[in-house]
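Here is the structure we will look at, set down as structure tokens.
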Amino acid sequence: MGLTQTGTRELQIAIVGGGASGTLTAAQLLSCAADRRFALHVTLIDRQGRHGLGLAYSTSHAAHLLNAMAGQMSAVPDDPGHLVRWAATAGIQPAGGRPSDPVTATTFLARRDYGRYLRHVLTEAEKRGGPTARLTRLTGEVIGLRQQRTAGGGRARLFLAGIPPVDADVVILATGNAAARLPVDVPPGAKGRVIADPWQPGALEPAIAAAAAGTPVAIVGTGLTMIDLAMTLTDGQSAARVHAISRHGLLPRVHPGTRQAARQVWLPVISRTTDPVQLADLMWQVRSAISASPEDWHVVIESLRPYIPALWRRLPERDKRMFLRHVARYWEVHRHLMPPATARRITTLKLTGQLIIHAGGIRSVASGPGGLLLDTGTDPIAAGWLINSTGTTGDVVAAASPLLRDLFASGQARPDSLRLGIDAAPGGAVTDRDGQCSDVLFTLGPPLRGLWYETTAIPEIREQAAALARRILSDARGRQQRGSAA
């Protein structure tokens, strides 16, 4: 810990990742430190300098909407109306609405507006924390980390590309989803027409220009990322044509656009909290509940959602692997839904032939006339550009960032048994190669998919951020008091 001007010990915390996970954690730390009058310095490190936005909320396109209603997206765990009240004071308008329309709990906000909200939450927490709880926004890529033991506990040094290292008492990995990997090999001559990360600044510009000129563009994946890309590529361009390809060819289901029904669906598996769960039994119960009231399928899914982390922990390893292979995609299209306005736009694109969905995947990619030739096993697809939108990778080791590669190689961390993310204790303490939990290195959000599975949405992340902030400050306070007693 560092020393403040008054001689008190200042806890140094480094958060790697400036998206929703990192922002919510920083805000919780600053707020908790202010409440407890705790000396704290948080360094929020973001590779792209998009502090508060991250990948998900850095878009500027007005038609890119949240896939959850505003009433579910508050950044404050105990204040569900926080986002709606902010939207009113900030003059936010519902996407596609009239200037006089208010934002309500059932509004689907533009993602760019939600990014503004997260930045507001962080700024307000920063103001509240001062002067004893400080925030530094740092732009850079963390490429390595080394921990060391001291008389006062653990410490870590973070190494960044091209800038001096950062020292911290606690490091929080808020790195979000691992980078998606294209599920097909691309020959060297064709790689120049592949966009691996469409949300990098300027990455989409050549594909947008090609689509406007009438050159087809292909997208791998048919989830929510593809939906946003299709709307971007065809925005105001009647000649644009998009081919979207995935193994099942499934699109996200449409959100009902209303509050969840008051009634809850009871399943026998929910009432048992300790017994192992068999995937076959769980699927049978869910299907039976939906069959009993098909029009209320979304009520079944929403009723089940809060129990997913506990159910996931109770599934045998073999059942988890079976779920990932055969069931996960069906769960995702019913869990992560399209807002109604987005669904109407996508329906129009499909009816006009501007969006064509292909099921079956891509067998190979080759250079072709005017760009690329994609072998799908049926009719080949000619496209000027190929965009990867396959979403969360299924193998954190294969898609690991330089920092995660360093942590895995040095034994400071290990992948979970399913390789979905980082192995950690339920509270987020990262587990090393020997199975020991760190008191320096923590994580939350998407890296905990192997532990909780349902851990990528704001409701889960805000709860994890609040719990992690309380734990870190309580542990630090305990160390301080033991040091004083000595």
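The values are calculated or read from the model by the stated rules, or taken from the named source; none is laboratory data. All figures in this text were calculated on a predicted structure; none of them were measured in a lab. Cβ placement follows ideal geometry from the backbone for every residue including glycine, while neighbour counts extend to all protein chains displayed.
Considering region 106-161 alone, what residues qualify as being hydroxyl-bearing (Ser, Thr, Tyr) and within 23 Å of Leu83 (Cα to Cα)? I'd like the intermediate steps shown before the answer.
Taking region 106-161 and keeping what is hydroxyl-bearing (Ser, Thr, Tyr), we get 106-107, 114, 117, 123, 132, 136, 139, 150.
Those that are hydroxyl-bearing (Ser, Thr, Tyr) and within 23 Å of Leu83 (Cα to Cα): Thr106, Thr107, Tyr114, Tyr117, Thr123.
What are the residues in region 153-176 that are part of a loop (DSSP other than H, G, I, E, B) and among the acidic types (Asp, Glu), if any? Quick ask: steps written out before the conclusion?
Initially, region 153-176 is screened for residues part of a loop (DSSP other than H, G, I, E, B), giving 161-162, 169, 174-176.
The one that is part of a loop (DSSP other than H, G, I, E, B) and among the acidic types (Asp, Glu): Asp169.
Write out, first by first residue and then by second, each pair whose Cβ atoms fall under 8 Å of each other, whose residues are 6+ apart or on separate chains, and whose first residue, in region 54-82, is closer than 17 Å to Pro102 by Cβ while the second is charged (D, E, K, R) and at pLDDT below 90.
Met69/Arg259; Gly71/Arg259
Quick one: would you say Ala466 is surrounded by fewer than 22 Cβ atoms within 10 Å (Cβ to Cβ), in a loop (DSSP other than H, G, I, E, B) and touching a residue at least 24 places away in the same chain (Cβ under 8 Å)?
Considered against the rule, which asks whether it is surrounded by fewer than 22 Cβ atoms within 10 Å (Cβ to Cβ), in a loop (DSSP other than H, G, I, E, B) and touching a residue at least 24 places away in the same chain (Cβ under 8 Å), Ala466 comes out as no.
Any idea how many residues of region 432-447 are surrounded by 19 or more Cβ atoms within 10 Å (Cβ to Cβ) and either in a helix (DSSP H, G or I) or polar (S, T, N, Q) (or both)?
Number satisfying all stated conditions: 4.
I'm trying to understand the selection: among the residues of region 221-241, which are in a loop (DSSP other than H, G, I, E, B) and among the acidic types (Asp, Glu)?
Passing the criteria: only Asp235.
Looking at region 446-457, can you tell me whether even one residue there is touching a helix residue (DSSP H, G or I) at 6+ places or on another chain (Cβ under 8 Å), closer than 19 Å to Asp46 by Cβ and in the same structural domain as Ala133 (by TED's automatic domain parsing)?
For region 446-457, residues touching a helix residue (DSSP H, G or I) at 6+ places or on another chain (Cβ under 8 Å), closer than 19 Å to Asp46 by Cβ and in the same structural domain as Ala133 (by TED's automatic domain parsing): present.
Which residue out of Ala209, Ala179, Ala218, Ala244 is at pLDDT 90 or above, outside any strand (DSSP E or B) and either touching a strand residue (DSSP E or B) at 6+ places or on another chain (Cβ under 8 Å) or surrounded by fewer than 20 Cβ atoms within 10 Å (Cβ to Cβ) (or both)?
Ala209
Just to be sure I understand, how many residues within region 41-50 are assigned to a loop (DSSP other than H, G, I, E, B) and either modelled with pLDDT of 95 or more or among the basic types (Lys, Arg) (or both)?
So the answer is 2.
Which number in (1) among the hydrophobic types (A, V, I, L, M, F, W, C); (2) at pLDDT 90 or above; (3) in contact with a Ser or Thr (Cβ under 6 Å, 6 or more places away or on another chain) marks the one condition that Met231 misses?
Answer for Met231: the failing condition is (3).
Which of the strands (runs of 3 or more DSSP E) contained wholly in region 356-431 include at least 2 residues that are within 29 Å of His336 (Cα to Cα) and in contact with an Asp or Glu (Cβ under 8 Å, 6 or more places away or on another chain)?
Filter on region 356-431 gives 429-431.
Could you count how many residues in region 67-107 are farther than 27 Å from Leu30 by Cα and assigned to a helix (DSSP H, G or I)?
The number of residues fulfilling the criteria is 0.
Counting only residues that are surrounded by 20 or more Cβ atoms within 10 Å (Cβ to Cβ) and either at pLDDT 95 or above or β-branched (Val, Ile, Thr) (or both), which one in region 247-257 is farthest from Leu351 (Cα to Cα)?
That would be Pro252.
Exactly one of these conditions fails for Phe38: (1) part of a loop (DSSP other than H, G, I, E, B); (2) in contact (Cβ under 8 Å) with a residue 60 or more places away in the chain; (3) surrounded by fewer than 18 Cβ atoms within 10 Å (Cβ to Cβ). Give me its number.
That leaves (3) as the condition not met.
Go over the candidates Thr59, Thr43, Thr25, Thr104 one by one and state the one that is among the hydroxyl-bearing types (Ser, Thr, Tyr) and either in contact with a His (Cβ under 6 Å, 6 or more places away or on another chain) or not assigned by TED's automatic domain parsing to the domain that holds Phe159 (or both).
Details: Thr59 fails: either in contact with a His (Cβ under 6 Å, 6 or more places away or on another chain) or not assigned by TED's automatic domain parsing to the domain that holds Phe159 (or both); Thr43 fails: either in contact with a His (Cβ under 6 Å, 6 or more places away or on another chain) or not assigned by TED's automatic domain parsing to the domain that holds Phe159 (or both); Thr25 fails: either in contact with a His (Cβ under 6 Å, 6 or more places away or on another chain) or not assigned by TED's automatic domain parsing to the domain that holds Phe159 (or both).
Matching residue, one of Thr59, Thr43, Thr25, Thr104: Thr104.
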